[in-house]
Amino acid sequence: MKLKIISTAHHRNGVAGAPFDIVLFKERGNSGSRKVAILFDQEAHCAVLDVVKLAAGDIAFGSNSWRADHYEPSLRKAVAEQDAPSRTSKSFID
């Protein structure tokens, strides 16, 4: 899957919550749109939402739901390649 990674960020999720990473990306191709993914440490714990639909208040299953399993390998690669010690945002193309 061809994605343009726009930005990545790590969130510690308070003092007791499970930390997670966020990836802002654009899917390449005619039907591509800007999406945001939330990835927890455990494999298959990933959510993907279309940013425009999200901003419009659309969080419905079937309307703003995406096959996270299709995106997850590329997204986890983007997170792994970010600068781990400083956890700064980084942009690149997968």
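The values are calculated or read from the model by the stated rules, or taken from the named source; none is laboratory data. Since this is a predicted model, take the numbers as computed values, not measurements. Cβ placement follows ideal geometry from the backbone for every residue including glycine, while neighbour counts extend to all protein chains displayed. Heavy atoms of the whole protein, side chains included, go into the accessibility calculation; ligands, DNA and RNA do not. Shrake-Rupley method; radii C 1.70, N 1.55, O 1.52, S 1.80 Å.
Of the residues making up the stretch 21-49, those that are farther than 16 Å from SER7 by Cβ and either of a type in the set (Asp, Glu) or touching a residue at least 24 places away in the same chain (Cβ under 8 Å) (or both) are ARG28, GLY29, ASP41, GLU43, ALA44, CYS46. I'm trying to understand the selection: among the residues of the stretch 53-71, which are outside any loop (DSSP other than H, G, I, E, B) and at pLDDT below 95? Passing the criteria: ALA68, ASP69, HIS70, TYR71.
Checked against (1) more than 15 Å from LEU75 (Cβ to Cβ); (2) touching a residue at least 40 places away in the same chain (Cβ under 8 Å); (3) of a type in the set (D, E, K, R), LYS4 passes all but condition (1). Of all residues in the stretch 40-50, one or more are open to solvent by 50 Å² or more (accessible area, probe 1.4 Å) and among the polar types (S, T, N, Q).
I want to confirm something. Restricting to the stretch 15-39 and keeping residues that are among the hydrophobic types (A, V, I, L, M, F, W, C) and over 14 Å from the mean Cα position of the chain (by Cα), which single residue is most open to solvent (accessible area, probe 1.4 Å)? Please lay out each step first, then the result.
Going residue by residue through the stretch 15-39, those that are among the hydrophobic types (A, V, I, L, M, F, W, C) are 15-16, 18, 20, 22-25, 36-39.
Checking the rest, the ones that are also over 14 Å from the mean Cα position of the chain (by Cα) come to 15-16, 18.
Details: VAL15: 144, ALA16: 97, ALA18: 54 Å².
The residue in question is VAL15.
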